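**Q** Here you go, one structure.
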Amino acid sequence: MKNSIDVVQPFLFEGQQDSQQTRQINRFFGNMHGEVVGGKDEWLTPPWIIEALGRFDLDPCAPIYRPWDTAIRHYTIKDNGLLKPWEGRVWLNPPYGSETWKWVGRMAEHGNGICLTFARTETVGFHRYVWNRASGILFFRGRIKFYNVDGTEAENSAGAPSCLIAYGKNNYNTLLSCSLDGKTVKVNEGEQ
């Protein structure tokens, strides 16, 4: 497989130009779970987040082996959930790094679900798919700890602050009424 730095769109900040330096920065800081936290790229959503948000119909990028379900149906890397049909209320904890905004863009198009990602509010992707498309955002208080595929909590907190992005009025209302510690802000009016 080619080095991901050579084949992916870089993680750009608003107004930033693509360059080799940007790609190298993206390789280190853009891979939000991987190189920054423990050298791997499969981190599970903490179960208490899923419990607080209620039932989801689909998780399009679930781990192959998981100690708990995040939705009724799951697509794994073997299924390539980015290309499969999405139906119902979707839970999305996308692969972090160079592929993140492809997944978040797909969620914005789907318009019904909640996405967990880093609060990289200054990036082009955040402006394109969150600030301009989402219904609301819950910014967590403090940094969360993701879980390992064996179901144990990671030793360290995530490499950046996290947020939940709601698409659709009902999902925004879920963020407002859930028990998660953080601040929820409305982004766009009406149904998505």
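The values are calculated or read from the model by the stated rules, or taken from the named source; none is laboratory data. All figures in this text were calculated on a predicted structure; none of them were measured in a lab. As a convention, Cβ positions derive from the backbone with ideal geometry for all residues, glycine included, and neighbour counts pool all protein chains shown.
**Q** Would you be able to tell me the number of residues in segment 117-132 that are under 21 Å from Gly168 (Cβ atoms), surrounded by fewer than 23 Cβ atoms within 10 Å (Cβ to Cβ) and either free of Cβ contacts under 8 Å to residues at least 40 places away in the same chain or under 15 Å from the mean Cα position of the chain (by Cα) (or both)?
**A** Initially, segment 117-132 is screened for residues under 21 Å from Gly168 (Cβ atoms), giving 117, 119, 121, 125-132.
Filter once more, keeping what is surrounded by fewer than 23 Cβ atoms within 10 Å (Cβ to Cβ): 119, 121, 125, 127-128, 131-132.
Keeping just the survivors that are either free of Cβ contacts under 8 Å to residues at least 40 places away in the same chain or under 15 Å from the mean Cα position of the chain (by Cα) (or both) gives 119, 121, 125, 127-128, 131.
Total meeting the criteria: 6.
**Q** When you go through Trp43, Trp68 one by one, which is the residue that is modelled with pLDDT under 95 and more than 15 Å from the chain's Cα centre (by Cα)?
**A** Details: Trp43 fails: more than 15 Å from the chain's Cα centre (by Cα).
The match here is Trp68.
**Q** Further question: Checking Lys84 against (1) crowded, with 17+ Cβ neighbours inside 10 Å; (2) outside any helix (DSSP H, G or I); (3) at pLDDT 95 or above, which single condition isn't satisfied?
**A** Looking at each condition in turn, Lys84 falls short on (1).
**Q** Next question. Checking the condition hydroxyl-bearing (Ser, Thr, Tyr) and out of contact with any helix residue (DSSP H, G or I) (no Cβ under 9 Å at 6 or more places or on another chain), which residue from Thr174, Thr117, Thr152 passes? Give the steps one after another, and end with the answer.
**A** On the way: Thr174 fails: out of contact with any helix residue (DSSP H, G or I) (no Cβ under 9 Å at 6 or more places or on another chain); Thr117 fails: out of contact with any helix residue (DSSP H, G or I) (no Cβ under 9 Å at 6 or more places or on another chain).
Answer to the selection: Thr152.
**Q** Taking only segment 104-116 into account, find how many residues are over 8 Å from the mean Cα position of the chain (by Cα) and in contact (Cβ under 8 Å) with a residue 12 or more places away in the chain. Show your work before the answer.
**A** Initial filter on segment 104-116 (over 8 Å from the mean Cα position of the chain (by Cα)): 105-114.
Adding the requirement that they be in contact (Cβ under 8 Å) with a residue 12 or more places away in the chain leaves 105-108, 110-114.
Residues in segment 104-116 being over 8 Å from the mean Cα position of the chain (by Cα) and in contact (Cβ under 8 Å) with a residue 12 or more places away in the chain: 9 in total.
**Q** Restricting to segment 180-192, count the residues that are at pLDDT 95 or above, out of contact with any Gly (no Cβ under 7 Å at 6 or more places or on another chain) and either surrounded by 12 or more Cβ atoms within 10 Å (Cβ to Cβ) or hydroxyl-bearing (Ser, Thr, Tyr) (or both).
**A** Qualifying residue count, segment 180-192: 2.
**Q** Hey, can you tell me all the residues within segment 65-103 that are touching a residue at least 24 places away in the same chain (Cβ under 8 Å), more than 19 Å from Glu51 (Cα to Cα) and among the hydrophobic types (A, V, I, L, M, F, W, C)?
**A** If the condition is that a residue be touching a residue at least 24 places away in the same chain (Cβ under 8 Å), more than 19 Å from Glu51 (Cα to Cα) and among the hydrophobic types (A, V, I, L, M, F, W, C), then Leu82, Trp86, Trp101, Trp103 are the ones that fit.
**Q** Of the conditions (1) in contact with a helix residue (DSSP H, G or I) (Cβ under 6 Å, 6 or more places away or on another chain); (2) among the polar types (S, T, N, Q); (3) more than 22 Å from Ser179 (Cα to Cα), Thr70 fails just one. Which one is it?
**A** (3)
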